[in-house]
1. Work out the P(r) tail for chain C: percent of alpha carbon pairs separated by more than 35 Å, whole number.
2. Using only helices, what value at 222 nm comes out for chain A when you add -39,500 (n - 2.57) per DSSP H run of length 4 or more and divide by the total residues, to the nearest 500 deg cm²/dmol?
3. Measuring from the lowest to the highest alpha carbon on each principal axis, how far does region C:156-292 reach, largest first, in angstroms?
4. Mind checking C:85-91 for the average number of partner chain beta-carbons within 10 Å of each residue's beta-carbon?
5. Mind checking which of C:ALA38, B:PHE111, B:ALA26 is farthest towards the positive end of the protein assembly as shown's charge dipole, using Cβ charges of +1 (Lys, Arg) and -1 (Asp, Glu) about the Cα centre?
6. About its Cα centre, what dipole magnitude does region A:10-75 give when the only charges are +1 on Lys and Arg Cβ and -1 on Asp and Glu Cβ, stated in debye to the nearest 20?
7. Out of C:LEU108, C:ASN70, C:HIS85, whose Cα points farthest toward the positive end of the dipole of region C:44-137 (charges: +1 Lys, Arg; -1 Asp, Glu; placed on Cβ)?
8. Excluding same-chain residues fewer than 8 positions from C:LYS121, which aspartates and glutamates have a Cα within less than 20 Å of its Cα?
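Please treat every number below as a calculation from the coordinates, not as lab data. Not measured: the values here are computed from a predicted model. Positions of Cβ are generated from backbone atoms using ideal geometry, with glycine treated the same way; all protein chains shown enter the neighbour counts.
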Amino acid sequence: MKQLEGTEPIYLQIADWLENEILSGHVRSEEKIYSQYKLSEIFGINPATALKGLNLLVEKGIVYKKRGLGMFVSADALTIVKEERRGQVMKEQIRNLVEEAKRLEISQAELIKAIENEMKKGGKTL
Amino acid sequence: MNSIIHKETQMTIALRQTRDKLYHNANAFMYLIILQLLGYFLANNVGMSGSGTEYFSYTVRIASSVPLIFFTIIWMLLQGLHLAGEKSREYYLVSNNFTAYFSDIAVLEIFAVTGGVTLLLSESFLQVMVSVLYENVTLQASFSEVGFINYVSLFVTATLYLLMFGAAAYTVGILRARFKGRFFLGIFLLIALLIFGSVLAARLLGPAFGSTIESAVNFYLHETRGMIWFLKMAVTIGALYGISYLGIRNLEVNA
Amino acid sequence: MIQCEELTKDFGGTRALNGCSFQIEAPTLTGVIGVNGAGKTTLFKILAGFLRPSSGEARVLGEPAFQNINVAQNVVLNEGRMTFHANATLQELVHSYGRFYLNFDEKLARGLLEYFQLDEKRQYSKLSKGMASTFRLIITLAARAPITLLDEPANGMDPTVRKDLYEVILKDYIKVPRIILIASHYLGEMEQILENMLLIHGGKVMLHSALEEFQTFLVALKGSPQAIKPIEEKLQVYEGKDFGPGIRQIVVKREAFQQLQLKEEEAGVLKTTGISLEDSFIYLTQRKGGGIDELYHS
């Protein structure tokens, strides 16, 4: 059974994890996504909670229901997830970074240079 | 979920409980045998008397089945108390007051019948035993005149007495479970009342009306008219069942 | 299937339940939580038909529960203080339960006994506290009663066994969906298998909701004392802590905070974080008045 964190509602953590699975390509568009029972087995959670996580994805348009067959990843799932994450990253993580930088008295130029260096490294897209 | 809901009748469950109780109380029968063996042992040593002169002496040994009867009654009392004592535990399995009561009474009756049968057989067994162990055995006249009807009435008598004792112990146990602390207070008051009442009766109505435990016993024991005795027993046992039922009817389970 | 309305129970001078009301209709794995003495065990006993309500109603499967044979045969109660036939072996008890609970799965019971290394031939009275708890859980789960009440089932077990047990409960619930109520103090461990939460406090139902709602009922706000103080004055605060001179944290009801409808700049300087289930529970059920700090400072 996988481990879950303490403070965020479980169904949100499940939704997050599923989005990561889509991002990483473990599940592709038009493929069947984990059922609530499969998720229950993997994480040791109540299937109703797992279903809430799946339904959240349905609401976002990342996953859709095929009658009698289960839940499938939608065609533009990857796009939607990337878009959402991008918005999240831009807003929260950058804000935190800038806040921390200000506290440590790192100048804007230094910060931008450091980001450029980091982006040159690796070369892999996330 | 509806497919796993069941609706069996109280009777079905009561009968099932009776079987279950007999199964779990099987060693009661073993205790009966042990107690009766003790009874046989003591039967032999009830009494001796001897006499003699210079030239001649003899001893007379009296074998009596009284110890046997005594122990069997003790056994019934213990079973009655034991069954009543299970009240806080048995509800965790499927049970309500009715099924518990029904199965308790059924088990008590089975025990009483068992006791009655063994006592009946013990009379004959005792005769055989003493005949084997000793020479010059003289049987009481009543022993040799026993016919089938007598056997049946002996059996019924023994069984009903045992049932009465069992029911009495059970009733006491149930009342204790129901009233807990107040039970002991009640007993105390009852005894005080009885003593006071009998003293008062003796003073007001003359010595003949004073009741003692002896006269209470004689009420049953010395009743020679068969049907009246049977009626007395039936009423007594019925009254005991009634009291215990009232006691158990709304009993709450709280360990 | 379970309906309690203004359920009240008195024991002599003590009031164990005081107007408890809630309803459960569908199959669910619900956690029943509350401080010791809140009334959980009493509630379970009333639902099992053992105790009679002093006032109010307790209906199970549509009928009053007390001494009801229809309730008794469809409800199984697992309680720490329950006892079995004297000197009975585990095997005998498995057979007994199998005879009375018609859904009992003997194969499952024996399999679980073997897995948890409990010897069938042993007497129940000779088991250690932890093993006895394990056995009780196995036998009451295998009974597959439509309404299964587990009162502190993990008491006395070591952590690895507890983990296994939660897994068993969840798997069995998925296999045979039914109403399972679990009263437990091990909140953190148990929360992931639950669907709903029932919080009993002072003999009443304080909160009955899905797990997520319970988790997000309270929220922690962190910020500078200047930002926090005005909020503190307006809302009920469950806890206030100072992390040094520059940061203060308070715990308030999420809904109340949202209703304040703070403007972007005001809300922006605050950091909101969720609260763990255990902490939520502690805040909601804490006693008013002096704390441990005071004891140690005077």
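1. Tail fraction, whole percent: 30.
2. Working: 6 runs with 71 residues, N = 126.
So the helix-based figure for chain A works out to -17500 deg cm²/dmol.
3. 53, 33, 30
4. Working: counts 9, 7, 2, 1, 0, 0, 0.
Rounded to a whole number, the mean comes out at 3.
5. B:PHE111
6. Details: 8 positive and 7 negative charges, 58 e Å.
So the dipole magnitude of region A:10-75 works out to roughly 280 debye.
7. C:HIS85
8. B:ASP20, C:GLU92, C:ASP105, C:GLU106
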